[in-house]
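Following this message is one structure expressed as structure tokens.
The values are calculated or read from the model by the stated rules, or taken from the named source; none is laboratory data. It should be emphasised that the depicted structure is a prediction, and the values quoted were computed from it without experimental measurement. A quick note on method: Cβ atoms are made from the backbone with ideal geometry, for glycine too, and the neighbour counts reach across all protein chains shown.
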Amino acid sequence: MIARDTTLARVLDDHPQLVEFLATYDPHFEKLRNRLLRRVMAPRVTVAEAARMAGVDAGALVAALRQAVGEPEAAPPPSPAVADEIGSPKPAALADIPAARHAHLDVRADIRSGDEPFAKIMSAVKTLAADQALELRTPFEPIPLYSMLAKRGFAHWAQARAADDWSVWFYRAGTDAERADSGAGEAAPTSARTVTIDVRELEPPQPMALVLERLDTLAEYEALEVIHSRRPVFLYPLLDERGFTHVTDEPAPGMVRIVIRRRAA
């Protein structure tokens, strides 16, 4: 049954016709007609989060989705206990970072043209100095990034400039020592043994399945080198969640190499 915490991916997998229903429900959801954007966002966005991104009532959206697929209505949910962060005052930790130490990345054009900006965003985050903040400009609130980057030690603050124009700042909110140590464990072991697998000839989702299966048996001193035909943007969040570091390069045209290691304790 569709609920507030059901992911859009689950909803649309079970009821593909809801793509068009959502697109007509609110103009914000027209983006879901973009298959690439849908594949990137849907697995990590719940119905409640999607409602927040669109500025519509979550309870009303759940009820409308249930009615559209013939599910029974549920009792009204209790009022959320967590206050909305949008419009909140700028956090002191962010205010302490001078504007000259702000990096800027605008991915609005990428998303509107159907390009995947995840690798570009993560590259900007990885090069961010401990005393810097990153201002990310997007056409919608990038809620899936919040939990992903929180695991890397980043807090966030969001402002809506317009319905389709958001600025979100990511910054390290810990102590100076914690900020200095935030990249610890990313260096490659000097004596690691590298295991290589080539997934270029496999059809999706076989490459991801093979990589995840091999990682289950990866020893602490081993590195897994994956030879791919493209950047596996859907794999990266799973690696982050499971405690792996990853470095991607393109040593030759049509060849992408991802080196994966367990994050040091």
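Which number in (1) touching a helix residue (DSSP H, G or I) at 6+ places or on another chain (Cβ under 7 Å); (2) β-branched (V, I, T); (3) assigned to a loop (DSSP other than H, G, I, E, B) marks the one condition that T217 misses?
(1)
Within the range 211-220, identify whether any single residue is at pLDDT 90 or above and over 23 Å from A150 (Cα atoms), and answer yes or no.
Of all residues in the range 211-220, those at pLDDT 90 or above come to 211.
Restricting the remaining residues to those that are over 23 Å from A150 (Cα atoms) gives 211.
The answer is yes, given that some residue of the range 211-220 is at pLDDT 90 or above and over 23 Å from A150 (Cα atoms).
Rundown of residues vs (1) assigned to a helix (DSSP H, G or I); (2) of a type outside the set (G, A, S); (3) closer than 15 Å to P144 by Cα; (4) modelled with pLDDT under 85, yes/no style:
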site	(1), (2), (3), (4)
L12	yes, yes, no, no
A23	yes, no, no, no
P77	no, yes, no, yes
I86	no, yes, no, yes
I97	no, yes, no, no
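Of the conditions (1) without any contact (Cβ under 8 Å) to a residue 12 or more places away in the chain; (2) surrounded by fewer than 12 Cβ atoms within 10 Å (Cβ to Cβ), E220 satisfies every one except a single condition; which number is it?
(1)
Going through R257, R200 one at a time, which residue ends up being farther than 27 Å from S147 by Cβ, part of a strand (DSSP E or B) and not hydrophobic (A, V, I, L, M, F, W, C)?
Working: R200 fails: part of a strand (DSSP E or B).
Result: R257 is the single residue among R257, R200 that is farther than 27 Å from S147 by Cβ, part of a strand (DSSP E or B) and not hydrophobic (A, V, I, L, M, F, W, C).
Tally time: how many residues in the range 231-257 are farther than 23 Å from R152 by Cβ and exposed (fewer than 13 other Cβ atoms within 10 Å of the Cβ)?
Step one: of the range 231-257, the residues farther than 23 Å from R152 by Cβ are 250-255.
Subsequent filtering for residues that are exposed (fewer than 13 other Cβ atoms within 10 Å of the Cβ) retains 250-254.
Residues flagged as farther than 23 Å from R152 by Cβ and exposed (fewer than 13 other Cβ atoms within 10 Å of the Cβ) within the range 231-257 amount to 5.
Then there is this: Would you mind finding the one in F154, F118 that is within 13 Å of D240 (Cβ to Cβ), outside the structural domain of V233 (by TED's automatic domain parsing), under 15 Å from the mean Cα position of the chain (by Cα) and modelled with pLDDT of 85 or more? Working first, answer last.
Values: F118 fails: modelled with pLDDT of 85 or more.
So the residue among F154, F118 that is within 13 Å of D240 (Cβ to Cβ), outside the structural domain of V233 (by TED's automatic domain parsing), under 15 Å from the mean Cα position of the chain (by Cα) and modelled with pLDDT of 85 or more is F154.
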